[in-house]
Amino acid sequence: MLHTYVPFMVMILIGIIFGASNILLAEFLGPKKSTRAKLSTYESGMEPVKSARERFSVKFYLVAMMFILFDIEIIFMYPWAVQFKELGMYGFTAMILFMILLFSGYIYVIKKGALRWD
Amino acid sequence: MNLTQFLIITAQAGMLVNMMLIAAAYMVLAERKVSAWIQNRLGPNRVGWWGMLQSFADVFKLYLKEDIVPAAADYKFHALAPVISIAVAITVYAVIPWSGPLIEIDGVQYGLAMAPDMNVALLTILAMTSVGVYGVALAGWSSNSKYSLMGGLRSAAQMISYELSMGLSIIGVVLICGSLNLVEIIQYQTANGWNVFYQPLAFVIFFVTALAETNRAPFDLPEAEPELVGGYHTEYSGMKFGLLYLAEYGNMLASSAIMATLFLGGWDPVPFIDEAALLGLDPYSLPMVLIQHGVFVGKAATLVFVFIWIRWSLPRFRYDQLMNLGWKILLPLSLANITITGIVLLLLN
């Protein structure tokens, strides 16, 4: 059973090796003449003002949190979908109830204005 | 698993990586040529006949360029981000069923697909696209530039938002085929007709989300040039930039191939017709498998062309429009699609 995953592991390893070796090779081949101006952060030709790691909109956190909530619920649907024909009417009703719960949470999120981008 | 099998798997992996590199090179050329035609220009036509060697010249140039890391950037994560991006893009290629079994060694059949018996192939693809967000978000954060950070944040939020609808649209296909194994999904479509006829809405949703996942126009907000310069790769140069770019094109081909697998019948040449019987060939014989491989690559290439076509035809969305489309239109639509598919399947049984 586990051996079907070996190709996948091999591919992950090859991907990492490919990426790392290309970066190392380019570092070896390319010139290295650094000046202060070249190493400064790009800011449309101006002197960079402060660090970029300041506060940013909380909306991005909200989107990430809602993604985690909804994504976990979507993952629940995969085993159900695979076995759908065997589960029949019972499985379908159970999933509809689950989806109604999911959808009411979704409507709450929308009504609260968590997804309003303006 | 013995040594021979392991060596064959490694050889397959090497072939797939090479395939991806060459495909990406010609996709970049196709992108430049198609955009040139659409904008009434000639496009690259100096390096090689018809610009055929342009991309290879570009790669050599990238190798010889200085790798500039801004002094304010976090050096380790700045280098790690492109590695994550490219590793994820390459890994997805392992589960895509590029062809049926081509050769048999020691009683085990091998084709261009590395993991054809993997039961959770579809879930793996979704998992890998989630990991891909790390590459983009890290690239944006580690550069310590305002443009990069904004581009990385936007891109991460966009990718995770559209992943929900992508996952939900696939469930319609899984309901019909009853499997997460990509080869079984293709075999089901060969026998019963392509999924695009039964799941047209899911196909449209998947296509739109695939555009958003690969950060292609009209969803290329992360690198909206007029406002964000280059988005998360503003501070990248040399081969690190090259790897991010390569990952982008690799993902485009991968999502086209997945679309062909899930909705367009995979390697089945014509829907509702048994080609093997028509041509008088055994369905698992070598010529038939080669025809099927050609058909699969042709379908993926056509979808890549549509991606390019859309990029050079449509204007960019605004960020609030993008988020509204993802959360308020595509998500309820894909939930409705699952419910309707479930009801119809119950009624048919």
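The values are calculated or read from the model by the stated rules, or taken from the named source; none is laboratory data. No experiment lies behind these values; they were computed from the predicted model shown. Here the Cβ positions follow ideal geometry from the backbone for every residue, glycine too, while neighbour counts run over all protein chains shown.
Please tell me if B:S99 is farther than 19 Å from B:V88 by Cβ and buried (at least 23 other Cβ atoms within 10 Å of the Cβ). Full working, then the answer.
Values: farther than 19 Å from B:V88 by Cβ: yes; buried (at least 23 other Cβ atoms within 10 Å of the Cβ): no.
So B:S99 fails the test.
Select, from B:G14, B:G43, the only residue that is in contact with a helix residue (DSSP H, G or I) (Cβ under 9 Å, 6 or more places away or on another chain) and in a loop (DSSP other than H, G, I, E, B). Explain how you work it out, then say what you get.
On the way: B:G14 fails: in a loop (DSSP other than H, G, I, E, B).
Only one candidate qualifies: B:G43.
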Worksheet item: Quick one: how many residues across the stretch A:46-84 are at negative phi and more than 7 Å from chain B (Cβ to nearest Cβ)?
Response: 22
Item to complete: Please report, ordered by residue number, the helices (runs of 4 or more DSSP H) entirely within the stretch A:1-82 with at least 2 residues that are at pLDDT below 80.
Response: A:36-39
Item to complete: Please go through the stretch B:87-115 and pick out each residue that is more than 18 Å from the chain's Cα centre (by Cα) and either in a loop (DSSP other than H, G, I, E, B) or basic (K, R) (or both).
Response: B:G100, B:D106, B:G107
Worksheet item: Looking at B:G151, B:G167, B:G178, which is the one that is more than 7 Å from chain A (Cβ to nearest Cβ) and among the small types (G, A, S)?
Response: B:G151
Practice prompt. Taking the options B:D320, B:D274, name whichever one is of a type in the set (D, E) and closer than 30 Å to B:Q39 by Cβ.
Written response: B:D320
Discussion item. Which pairs turn up if I take residues in the stretch B:65-85 that are more than 7 Å from chain A (Cβ to nearest Cβ) and free of Cβ contacts under 8 Å to residues at least 40 places away in the same chain and look for partners that are in a loop (DSSP other than H, G, I, E, B) and of a type in the set (A, V, I, L, M) with beta carbon separation below 7 Å, at least 6 apart in sequence or on another chain?
Written reply: B:Y75/B:V69
Fill in: Hits in the stretch B:229-248 - residues which are of a type outside the set (G, A, S) and either free of Cβ contacts under 8 Å to residues at least 24 places away in the same chain or surrounded by fewer than 23 Cβ atoms within 10 Å (Cβ to Cβ) (or both)
B:V229, B:F241, B:L244, B:Y245, B:E248
Item to complete: Please find, within the stretch A:4-45, the residue that is farthest from the other protein chains (Cβ to nearest Cβ) out of those that are of a type in the set (A, V, I, L, M) and in contact with an Asp or Glu (Cβ under 9 Å, 6 or more places away or on another chain).
Response: A:I23
Fill in: Hits in the stretch B:39-55 - residues which are within 26 Å of the chain's Cα centre (by Cα) and surrounded by 15 or more Cβ atoms within 10 Å (Cβ to Cβ)
B:G43, B:P44, B:G51, B:L53, B:Q54, B:S55
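Just to confirm my filter: which helices (runs of 4 or more DSSP H) fall fully inside the stretch B:282-349 and include at least 2 residues that are at pLDDT 90 or above and touching a Leu at 6+ places or on another chain (Cβ under 9 Å)?
Working: elements: B:286-311, B:319-324, B:331-348.
Helices (runs of 4 or more DSSP H) meeting the threshold: B:286-311, B:331-348.
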Response to the item:
Only unsatisfied item for B:D117, checking (1) at the interface with another protein chain (Cβ under 8 Å from one of its Cβ atoms); (2) crowded, with 21+ Cβ neighbours inside 10 Å; (3) among the charged types (D, E, K, R), is (2)
Practice prompt. Working only within the stretch B:130-167, note down all residues that are touching an Asp or Glu at 6+ places or on another chain (Cβ under 7 Å), surrounded by fewer than 24 Cβ atoms within 10 Å (Cβ to Cβ) and hydroxyl-bearing (S, T, Y).
Written response: B:S130
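Within the stretch B:55-75, which residues are of a type in the set (A, V, I, L, M, F, W, C) and within 20 Å of A:P48 (Cβ to Cβ)? Spell out the reasoning first.
Pass one, the stretch B:55-75, residues of a type in the set (A, V, I, L, M, F, W, C): B:56-57, B:59-60, B:62, B:64, B:68-69, B:71-73.
Listed by number, the residues that qualify are B:I68, B:V69, B:A71, B:A72, B:A73.
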Response to the item:
Expected output for the stretch A:39-61 (first residue free of Cβ contacts under 8 Å to residues at least 40 places away in the same chain, partner of a type in the set (F, W, Y) and part of a loop (DSSP other than H, G, I, E, B), Cβ below 7 Å, 6+ apart or cross-chain) is none
Worksheet item: Which of (1) in a helix (DSSP H, G or I); (2) more than 30 Å from B:R318 (Cα to Cα); (3) not acidic (D, E) is the odd one out, the single condition B:I68 does not satisfy?
Response: (1)
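Which residue is modelled with the lowest pLDDT, if the candidates are limited to the stretch A:86-99 and must be among the aliphatic types (A, V, I, L, M) and surrounded by fewer than 11 Cβ atoms within 10 Å (Cβ to Cβ)? Walk me through how you get there before you give the answer.
From the stretch A:86-99, those among the aliphatic types (A, V, I, L, M) are A:87, A:89, A:94-97, A:99; that's our starting set.
The next check asks that each one be surrounded by fewer than 11 Cβ atoms within 10 Å (Cβ to Cβ); those that pass are A:89, A:97.
Numbers: A:M89: 86, A:L97: 91.
The qualifying residue modelled with the lowest pLDDT is A:M89.
Can you tell me which residues in the stretch A:103-113 are of a type outside the set (S, T, N, Q) and either in a helix (DSSP H, G or I) or touching a Phe, Trp or Tyr at 6+ places or on another chain (Cβ under 9 Å) (or both)?
Within the stretch A:103-113, A:F103, A:G105, A:Y106, A:I107, A:Y108, A:V109, A:I110, A:K111 meet the criteria.
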